[in-house]
Every structure is written in structure tokens, then in C-alpha cells.
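Taking it in order: structure first as C-alpha cells, then the write-up.
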Amino acid sequence: MRWIERVEETAARPRTRTAKLRSCGLEGGMRFALAGVLSLCFVSMAGAQQTSARPVAVPPSSTSVPTTPVGSQSSSGTAPQTVAPTPVQPRPPEVRFLVLLDPAHGGTESGATLGIAGPEKSYTLALAMRLRAMLSAHGIHSLLTRDADVTLENDARAEIANRAHASACILLHATSSGNGVHLFTSSLAAVAQADPRRAFLPWQTVQAAYGTQSLRLESDFDAALTRQQIPVLATRTSLMPLDSMACPAVAIEVAPLDANTPLTDASYQQKILESLDEALIAWRGEWRQQP
Ligand SMILES: [Zn+2]
């Protein structure tokens, strides 16, 4: 139950952390530039583009049944109908476990300047590509939101994640401030959904339906990093594209280990990558058992 304790410990920190993330350009939660992001919805969104709450439907697989907006009711017929609740089914084995890796920044948006480690956009991309290789060696499929130095809007990143029906979404950042690894989950209040994959959820706050799973995923990262004796700061924040991701999602910000171990330290980087790899292997097992 460590993940619950972490939330309580860090409840007072979000204001500071949010301000920090804004400084590297990621807190941009009110962008509406990409009308195309609605293409993953089941229903026509011609009218919905006028609203700020953009629905997103997340089918679990190509064989999914059509979804119904939360709270909607049938207007046909006059007699009230009793609808038996649909039992939550375990995740079928044919549903692929897929990790979405989002190297933050890119292109014209360089992120933080990390001294000898270069621009943040390059550091996060290198980290993501190495992690992809490690995951692949363990039979875990992963998808990068970008695999080159290109500019990518937050909505586009979330759209890639949601189209992929990712089992875990990992946003990678880096900073020269602080030490160890900083873990962020969304500060949105968790909304209980029996099966968020079949729900119809607002684009700007879709992550709320995955709040509990995201904290469990964060707990796996925390445990794996702690085993490697890497200091961990776990907290919650308002962050795009995290809040629009329809998947268990954690933002991971790498800081120097200590005054003598910079971001570029090869051994430190390897420990971080092994920790993330180990945590995602653990998560794969947990994810299979969840509804
Ligand atoms: Zn950043």
C-alpha cells in the first residue's frame, strides 16, 4: 500500500511542482489546436468541437462494442427498462500489453538546458530509445510519440497514446535541479469507472478515470528505483498531455543523483533504465489481472 502513503505524503507539493513543469513548457492544458484528435471517438464530433470538454472514447480492442456516453439514457419507449450491470471481465489474453513512451519536448521546443547533458529534448529522446530496446528484450512492445527531433503538440502526444490503447504511458523529462527521480501523476481527482476503456470521457480530464491505476503504476516505479537506491520524489500535478491520456500514466523526471553524479553518468543512467524496465515488467503482470 505504499502508493497510498506516497499520495498523502506529497499532497502539499503540487503548487511547487506545477510551477516547475510550466518552466519547461509542458503545462499547457488548454490547447485546442488539433480538431483531428477527435477521430478516435465513436460518435460524430461535428458539434462537440465547440466545447472545451472534448470526449474521447477508448475501445479496448478492434472487437469492442460501441460505447455509450456516461449518464446517457435511451429516449425510445416509455416503459423504464431494467438494465443489468455489465460484469467487468478480466482483460482477455489477446489484448496486447503496450507501453507508450513520450520523450518530452522536441524540435523547436528544447525544454530545459541541462549543461553538459545538452538540451532536455535530446536527453529524453535518448532515454526513451534505450528504454524501448530494453523493453523489447523482455518481449514488451513499446511505441514512442517521437523518435526524432521534431516538434509535437501535447494533444498529438495524447492522441498517439489513446489511439494505441496503451497499457502504460510514460512521459520522460529531465532537469538539472534536485536529485534522484521525480514521479508525477495527475492531480485530477480519480473518477471511479468500472471499465474506463468502455466509457465516454472528456478529453481534458480523461486521466481522472485512470487515477487509481496510475498510482499503482507509480508505486511500481517507486519500488524499483528505491531498490536501486535512487532517491524518489512522488507527487501529483496538473500536466498536459498527462491529463488527456487514457491509460495508466506517470511522468518521470530524471535529476542528477547527487553533486558528484550528473545526468550524464553512465552507471546512473543504466540504473534508472533498469528500474523502469523492471517496474514495467511488474506492471505487465498486474495489468493482466486488472479489469
Ligand atoms: Zn521537461
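The values are calculated or read from the model by the stated rules, or taken from the named source; none is laboratory data. Remember, predicted model here, so these are calculated numbers, not experimental data. Heads up, the Cβs are rebuilt from the backbone with ideal geometry, glycines too, and the neighbour counts pull from every protein chain shown. Please note that ligands, DNA and RNA were not included when accessible areas were found on the heavy atoms of the full protein model with its side chains. Shrake-Rupley method; radii C 1.70, N 1.55, O 1.52, S 1.80 Å.
Observations
- Yes/no for Leu188 being part of a strand (DSSP E or B) and either open to solvent by 30 Å² or more (accessible area, probe 1.4 Å) or closer than 20 Å to Arg163 by Cβ (or both): no
- Qualifying residue in segment 120-130 (condition: open to solvent by 60 Å² or more (accessible area, probe 1.4 Å), under 20 Å from the mean Cα position of the chain (by Cα) and away from the ligand (no atom under 13 Å from the Cβ)): yes
- Matching entry among Gln204, Gln193, Gln228 (being over 16 Å from the mean Cα position of the chain (by Cα) and either over 23 Å from Gly178 (Cα atoms) or modelled with pLDDT under 95 (or both)): Gln193
- Close contacts from segment 114-137, counting a first residue that is touching a residue at least 60 places away in the same chain (Cβ under 8 Å) and a second that is away from the ligand (no atom under 13 Å from the Cβ) and among the small types (Gly, Ala, Ser), with Cβ to Cβ under 6 Å and a gap of 6+ residues or different chains, come to Leu135/Ser142.
- Filter result for Ala209 (away from the ligand (no atom under 16 Å from the Cβ), under 13 Å from the mean Cα position of the chain (by Cα) and within 19 Å of Phe221 (Cβ to Cβ)): no
- Screening segment 167-184 for residues that are within 13 Å of the ligand (Cβ to nearest atom) and in contact with a Pro (Cβ under 7 Å, 6 or more places away or on another chain) and picking the one that is farthest from Thr124 (Cα to Cα) gives Ser176.
- Within segment 102-119, being aliphatic (A, V, I, L, M) and within 19 Å of the chain's Cα centre (by Cα) holds for one residue alone: Ala104.
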